[in-house]
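Scroll down for the structure; my scribbles are underneath it.
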Amino acid sequence: MIDGSSLTVEMEEENSPATAIAPREPPKIQRLEESVVNRIAAGEVIQRPVSAVKELVENSLDADSSSISVVVKDGGLKLIQVSDDGHGIRREDLPILCERHTTSKLTKYEDLFSLSSMGFRGEALASMTYVAHVTVTTITKGQIHGYRVSYRDGVMEHEPKACAAVKGTQILVENLFYNMTARRKTLHNSADDYGKIVDLLSRMAIHHNNVSFSCRKHGAVKADVHSVVSPSRLDSIRSVYGVSVAKNLMKVEVSSCDPSGCTFDMEGFISNSNYVAKKTILVLFINDRLVECSALKRAIEIVYAATLPKASKPFVYMSINLPREHVDINIHPTKKEVSLLNQEIIIEMIQSEVEVKLRNANDTRTFQEQKVEYIQSTLTSPRSDSTVSPKLSGQKTQKVPVNKMVRTDSSDPAGRLHAFLQPKPHNLPDKVSSLSVVRSSVRQRRNPKETADLSSVQELIAGVDSCCHSGLLETVRNCTYVGMADDVFALVQYNTHLYLANVVNLSKELMYQQTLRRFAHFNARQLSDPAPLSELILLALKEEDLDPETDKNDDLKERIAEMNTELLKEKAEMLEEYFSVYIDSNGNLSRLPVILDQYTPDMDRVPEFLLCLGNDVEWEDEKSCFQGVSAAIGNFYAMHPPLLPNPSGDGIQFYTKRGERSQEKSDLDGNVEMEDNLDKDLLSDAENAWAQREWSIQHVLFPSMRLFLKPPASMASNGTFVKVASLEKLYKIFERC
Ligand code: ADP
Ligand code: MG
């Protein structure tokens, strides 16, 4: 038995500085008293009121009930009552019912892998009796009366008493955690747990649609969950989550029967683009067990964020069934997680199916012809690596010299282009819908020949697919982002290898591929002020000039800028319809496409983009034209280092105010002076730009790459991926030491 006082003394001694240094006898190991063991174990199984409800409801399901009702008082702390119409409990089992490890569901360890019941440890009821007062009323078939008995610390408080009873079992749990003051205190927010209980029963109700569920607060007339038995899952979802959810759902199904082991069936419902919510609801059942799976949740959220424009979080109900021997149900004390064989593959397959479903739902109305052509073109015109995106493999990553950074001149911050970008994203939906009106009216005007032209885009996509490097694909899909190693390279880990990955190359290729895939399906982002093309192109031409000080070529540059503007104005309708790049009749750029949701390109690169559209695109040949525009967009949206030098390195010197540098050099208190001489506004702009980029690399680029990037074979040899370490080799080196 534990001696509480001696334990306290010992601990105090251990903490006191004098004894901490002095050598100490090892403390004596003692056997804990069983009641202490049981209470500790109970605290793990019954973590909160909702865990007790879950266990009780699962017991009712295991007892073949067709109706389960739950009553809760004080968020479950005062009272939880679960009544069912199941098979009941025999009189002779009542004495051991609440002892630990007594169960009717399992006799040997191997049964775990062939079990169809929810429970198997025989711990739930026992645990409840260690942290609450439990009363059971039950009747079995053919009996004229039932029995009632109360339990405490695993044992009956008295002999079962005969009583009137209706079919099934009723379990009453009162004063939960009465003997665990700390836990009670942390749970005092009872409203919170009632919400969790309602949420639990809602989830149970839509999966077990052959059972009716109800849940209400003690004394309340109206139930907060009320489901009736229905053969249709969608009806159950409607009755529990409401019409607004049910009407926006689509069915999804995937199954795999791979002899090498990945065997599963999934069916479920996922929300469409009309559904709007701030929080993801993922109701997941694996082999009929309600579980959580953060990896699957994240995988689905990524698809929604990347596919749907509204950035709504999804509602997802999924039921996955696998051979029982592929699921380890015994990895979590409350069984809320399970471990699956081939989990990654399963998640990936589900993820792709969700993506296909969402895209098809977006596309079916207008682009059915395109799909048919895609199949033909994939078969007939495989493309070679080099023809797909010659512009993409070469890249200029070197920073623009400081003296040429016209738009980042600290004396003229207004010249920067951030000001053109609409700052309020909530204006977007209106713009988007007006855009789709424009788009569909354009589409109505198209003749059949024009729709057929889109096959060239499908050829470009097929080209991307055919030159994809399978090893790199594997790496990209499964790598973990570690951090940025410098301005261009990120450190990523894949299996036992560390790589440096060129984020500029990768993002450029990803944006190019996404532009092709979203072709004519873009959402658009409005610039707050239309930006005049001719001025922007002129700016880009001046930037390209090696000697910006001399203006002898200015006339020529202006003429080139004018010509390019006229050219782009001519192509405006096509650019708008297919790429959502909107140029108005006055030659102003006012809308840009969304290539990846949650990502806005660096607006300092608009001039370069426009110049590139004007100069580099081959407008006459359809396929080359689409490829050229997509490559220009890819280059513009790529995650280049910001034009402002990185203030965290040597770049800080750039932020010293001009004319004060020489004075600062001669000053002995250099540091203080340097602080004062910094251009704070410019510096904070730069810090924001770099931080924003790093965030986007981690949270937008890498997750989207995992989903969408088909890395071309050229990336294996052009320095995009450089292996810097491999665990096996390191091991060999250190083993020798
Ligand atoms: P487990 O569910 O892991 O077997 P529990 O402690 O939850 O362990 O329950 C112990 C046993 O009590 C069960 O195996 C079952 O036989 C019986 N039991 C519990 N609740 C009910 C119920 N509502 N109806 C019928 N039998 C029940
Ligand atoms: Mg149980």
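The values are calculated or read from the model by the stated rules, or taken from the named source; none is laboratory data. Given the structure is predicted, the values throughout are model-derived calculations rather than measurements. So basically every Cβ, Gly included, is an ideal-geometry build from the backbone, and we count neighbours across all protein chains shown. What goes into the accessible areas is simple: the full protein's heavy atoms, side chains included, and nothing from ligands, DNA or RNA. Shrake-Rupley method; radii C 1.70, N 1.55, O 1.52, S 1.80 Å.
Counting only residues that are open to solvent by 30 Å² or more (accessible area, probe 1.4 Å), under 22 Å from Pro647 (Cβ atoms) and not in a strand (DSSP E or B), region 486-507 holds 2 of them. Among the candidates Thr129, Thr102, the residue that is surrounded by fewer than 18 Cβ atoms within 10 Å (Cβ to Cβ) and either of a type in the set (A, V, I, L, M, F, W, C) or within 14 Å of ligand 2 (Cβ to nearest atom) (or both) is uniquely Thr102. Scanning region 173-211 for residues that are more than 16 Å from ligand 2 (Cβ to nearest atom) and touching a His at 6+ places or on another chain (Cβ under 8 Å), which turns out nearest to Ser236 (Cα to Cα)? Ranking the qualifying residues of region 173-211, first place goes to Glu174. Might you let me know whether region 230-237 holds any residue that is touching a Ser or Thr at 6+ places or on another chain (Cβ under 9 Å), hydroxyl-bearing (Ser, Thr, Tyr), surrounded by fewer than 20 Cβ atoms within 10 Å (Cβ to Cβ) and closer than 22 Å to Lys357 by Cβ? For region 230-237, residues touching a Ser or Thr at 6+ places or on another chain (Cβ under 9 Å), hydroxyl-bearing (Ser, Thr, Tyr), surrounded by fewer than 20 Cβ atoms within 10 Å (Cβ to Cβ) and closer than 22 Å to Lys357 by Cβ: absent.
For (1) in contact (Cβ under 8 Å) with a residue 24 or more places away in the chain; (2) surrounded by fewer than 18 Cβ atoms within 10 Å (Cβ to Cβ); (3) β-branched (Val, Ile, Thr), each residue gets a yes or a no:
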site: Phe264; (1), (2), (3): yes, no, no
site: Gly268; (1), (2), (3): yes, no, no
site: Ser273; (1), (2), (3): yes, yes, no
site: Ala277; (1), (2), (3): yes, yes, no
site: Phe285; (1), (2), (3): yes, no, no
site: Ile300; (1), (2), (3): yes, no, yes
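Arg289 fulfils the conditions (1) under 20 Å from the mean Cα position of the chain (by Cα); (2) among the basic types (Lys, Arg); (3) over 26 Å from Pro703 (Cβ atoms) except for a single criterion, (1).
For first residues located in region 530-551 and over 18 Å from Ser590 (Cβ atoms), partners that are modelled with pLDDT of 60 or more and β-branched (Val, Ile, Thr) and lie 6+ apart or on another chain with Cβ distances below 8 Å form the pairs Leu541/Ile560. Filter region 105-122 for residues that are open to solvent by less than 30 Å² (accessible area, probe 1.4 Å) and assigned to a loop (DSSP other than H, G, I, E, B); which is farthest from ligand 2 (Cβ to nearest atom)? Ranking the qualifying residues of region 105-122, first place goes to Leu115. Contact map, region 346-357: first residue among the aromatic types (Phe, Trp, Tyr), second residue open to solvent by less than 50 Å² (accessible area, probe 1.4 Å) and in a helix (DSSP H, G or I), Cβ cut-off under 8 Å, separation 6 or more or different chains; the map is empty.
Does region 84-99 hold any residues that are within 22 Å of Leu290 (Cα to Cα), within 16 Å of ligand 2 (Cβ to nearest atom) and part of a loop (DSSP other than H, G, I, E, B), and which are they?
Residues of region 84-99 that are within 22 Å of Leu290 (Cα to Cα), as a first pass: 84-86.
The next check asks that each one be within 16 Å of ligand 2 (Cβ to nearest atom); those that pass are 84, 86.
Correct list: Gly86 only.
Checked against (1) without any contact (Cβ under 8 Å) to a residue 60 or more places away in the chain; (2) within 16 Å of ligand 1 (Cβ to nearest atom), Met204 passes all but condition (1). A Cβ distance below 6 Å, combined with a sequence gap of six or more or placement on separate chains, defines the contacts here; from region 28-43, residues that are within 15 Å of His101 (Cβ to Cβ) reach residues that are of a type in the set (A, V, I, L, M, F, W, C) in the pairs Ala42/Val131. For Glu618, the conditions (1) open to solvent by 50 Å² or more (accessible area, probe 1.4 Å); (2) assigned to a helix (DSSP H, G or I); (3) acidic (Asp, Glu) are fulfilled apart from (2). Beta carbons closer than 6 Å, at least 6 apart along the sequence or on distinct chains, pair a first residue in region 504-518 that is under 18 Å from Glu694 (Cβ atoms) with a second that is part of a helix (DSSP H, G or I) and of a type in the set (S, T, N, Q) for Lys508/Asn635. The residues of region 612-641 that are more than 17 Å from Leu516 (Cα to Cα) and either modelled with pLDDT of 90 or more or among the hydroxyl-bearing types (Ser, Thr, Tyr) (or both), listed by number, are Cys612, Met639, His640, Pro641.
Residue-by-condition table, conditions (1) within 20 Å of the chain's Cα centre (by Cα); (2) modelled with pLDDT under 90; (3) not in a strand (DSSP E or B):
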residue	(1), (2), (3)
Val252	yes, no, no
Gly261	no, yes, yes
Leu284	yes, no, no
Val303	yes, yes, yes
Lys313	yes, yes, yes
Val316	yes, no, no
Pro333	no, yes, yes
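Of (1) at pLDDT 75 or above; (2) in contact with a Ser or Thr (Cβ under 7 Å, 6 or more places away or on another chain); (3) part of a helix (DSSP H, G or I), Glu353 satisfies all except one. Which? Just one mismatch for Glu353, condition (2).
Quick one: in region 136-149, which of the residues that are open to solvent by less than 20 Å² (accessible area, probe 1.4 Å) and touching a Ser or Thr at 6+ places or on another chain (Cβ under 6 Å) is farthest from ligand 1 (Cβ to nearest atom)? Looking at residues that are open to solvent by less than 20 Å² (accessible area, probe 1.4 Å) and touching a Ser or Thr at 6+ places or on another chain (Cβ under 6 Å), I get Gly146. Close Cβ contacts (under 6 Å, 6 or more residues apart or on different chains) running from residues in region 116-128 that are touching a residue at least 60 places away in the same chain (Cβ under 8 Å) to residues that are open to solvent by less than 20 Å² (accessible area, probe 1.4 Å) and near ligand 1 (Cβ under 6 Å from one of its atoms) comprise Ala124/Glu55.
Filtering region 44-83 to residues that are more than 12 Å from ligand 2 (Cβ to nearest atom), open to solvent by 10 Å² or more (accessible area, probe 1.4 Å), assigned to a helix (DSSP H, G or I) and under 20 Å from Glu123 (Cα atoms) leaves Glu44, Val50. Of all the numbered requirements in (1) within 13 Å of ligand 1 (Cβ to nearest atom); (2) at negative phi, Lys161 misses one, and that requirement is (1).
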